[in-house]
1. For the pairs A:Lys6/A:Lys43; A:Lys62/B:Lys124; A:Lys62/B:Lys153; A:Lys134/A:Lys172; A:Lys45/B:Lys121, note any where the Cα-Cα span goes beyond 25 Å.
2. What is the distance in Å between the Cα centres of segment B:61-127 and segment B:141-218?
3. Give me the inter-chain shielding for B:88-96: mean count of other chain Cβ atoms within 10 Å, whole number please.
4. Evaluate the relative contact order of chain B (contact order divided by residue number), counting alpha-carbon pairs under 8 angstrom at least 6 apart; express in whole percent.
5. Tell me the label-point distance for the pair A:Ile211, A:Glu197, using the 7 Å Cα-to-Cβ offset, in nm and rounded to one decimal.
6. Express in nm, to one decimal, how much length is gained between B:Leu58 and B:Gln200 on full extension, taking 0.36 nm for each residue of separation and deducting their alpha carbon distance.
7. To the nearest 0.05, how large is the calculated FRET efficiency for A:Ala115 and A:Arg228 if R₀ is 35 Å and r is the Cβ-Cβ distance?
8. How much area per residue is accessible in the protein assembly as shown when the probe is 1.4 Å and only protein heavy atoms are counted (Å²)?
Amino acid sequence: MAGFDKVVSSYEEALDGLEDNMTVIAGGFGLCGIPENLIKEIKRKGTKGLTIASNNAGVDGKGLGLLLEDKQIKKMIASYVGENALFEAQMMSGELEVELTPQGTLAEKMRAGGAGIPAFYTATGYGTPVGEGKETRVFDGRHYILEEALKGDFAIAKAWKADRFGNLMFRKTARNFNPMAITAGKISVVEVEEIVEVGELDPDEIHLPGIYVNRVILGTFAKDIEQRTVRSA
Amino acid sequence: MALTREQLAQRVAQEFQDGFYVNLGIGIPTLAANYIPNGMQVMLQSENGLLGMGQFPLDEEVDADLINAGKQTVTMVDGASLFSSAESFAMIRGGHVDLTVLGAFEVDCQGNIASYMIPGKLIKGMGGAMDLVAGADNIIVTMMHASKHGQSKLLSECTLPLTGKGCIKRVLTDLALMDIEGGKFVLRERAPGVSVEEIQTLTEGELVIPDHVPEMTF
């Protein structure tokens, strides 16, 4: 790597510096747009005691579900954790701490973390278990709760295309949490389907500027589908 | 007769208006997309980052990068747009979505809704439901009026952990359409062949019964 060139050539290098008990923010929605090879690399490394913030926790044997097999996750911050028997078992036995966070609040916590906003007020969760113990305030007659920003020691994400400077484009709904996750990581690692030369991406069409990205790696992806639903012709 | 899933979806669709941006929750609400009246334009928002969701793809059109909030493969209509989860919930929280339809376990006559957690049993999470109920002004909850054992789900006070407080104004069940006003359920319509008495018996929260309660028409 030199100058603005963010491209690394191995997954080992991509996650260099990831240690036990760190916080990792992960992009993806269900199995869509997940950094599937970076997750596999965390499994291979055997990093333990991780706190992971991600909308979902994968499914059994896929995505972040892989990290449950060797009990690498200590705490999960997510909005929806269904369809994952191992997750449920570890949560019920108390081995896995879970902080259920509303989806929009989770996205905003990541966005705020990356944007230097320490906390924000939202009406989401007021009067529910999510709001318990949180500071509240009334604006224009409506109750809001104070939610704190999220930052990660690492962010792991998936994009469609990158140039060597880490400027990114996402594809369709695989964008989801990826841009915010990347902004909220101290070291942000993005795996992509294609790396192009600098100057090839139209600056007007870059979804996330490379300033937020530390490492880019070219991957190949299984792109598993959770619910394959089709209509007949 | 209690409404079928399809009839519930049809009744929901009667709430659509031309030019509405609509978020449909997983399950029965999603089915309402099949009953958008001809000639009416409704744009479906999927909170994972898509405005302008289309029908399910043909087998050869399936794209793993294009799913809805229920993780089902979908297509996009002409005029669709794609964005991040933060942008998606800015739309929702900011009150830009005209109508939200979602399911629930319980609703009470204070407008509280419980839909995401049964302590000790089902722990899946709230997904986007808490943001949706907090952000939308116009929400329809679709649900069963009572459990299989005849226990009312329309209560004076929710017993399960809340998804949102004081945010529900309209409930459609398999038996009735009700508004919530001034701490009471107000019966607006009943399912064809269902009596006011039957609805009253299965509604635990206070129910106001106007002089005329029409049957739903489809």
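1. Where the Cα-Cα span goes over 25 Å, the pairs concerned are A:Lys62/B:Lys153; A:Lys134/A:Lys172; A:Lys45/B:Lys121.
2. About 23 Å separates the Cα centre of segment B:61-127 from the one of segment B:141-218.
3. Per residue, the average neighbour count from other chains is 3.
4. 19
5. 2.7
6. Fully extending the segment from B:Leu58 to B:Gln200 adds 46.6 nm.
7. So the FRET efficiency works out to roughly 0.45.
8. Per residue, the protein assembly as shown has 42 Å² of solvent-accessible surface.
The values are calculated or read from the model by the stated rules, or taken from the named source; none is laboratory data. Quantities reported herein were computed from a predicted structural model and do not represent experimental measurements. Positions of Cβ are generated from backbone atoms using ideal geometry, with glycine treated the same way; all protein chains shown enter the neighbour counts. All accessible areas refer to the heavy atoms of the entire protein, side chains included, with ligands and DNA or RNA removed. Shrake-Rupley method; radii C 1.70, N 1.55, O 1.52, S 1.80 Å.
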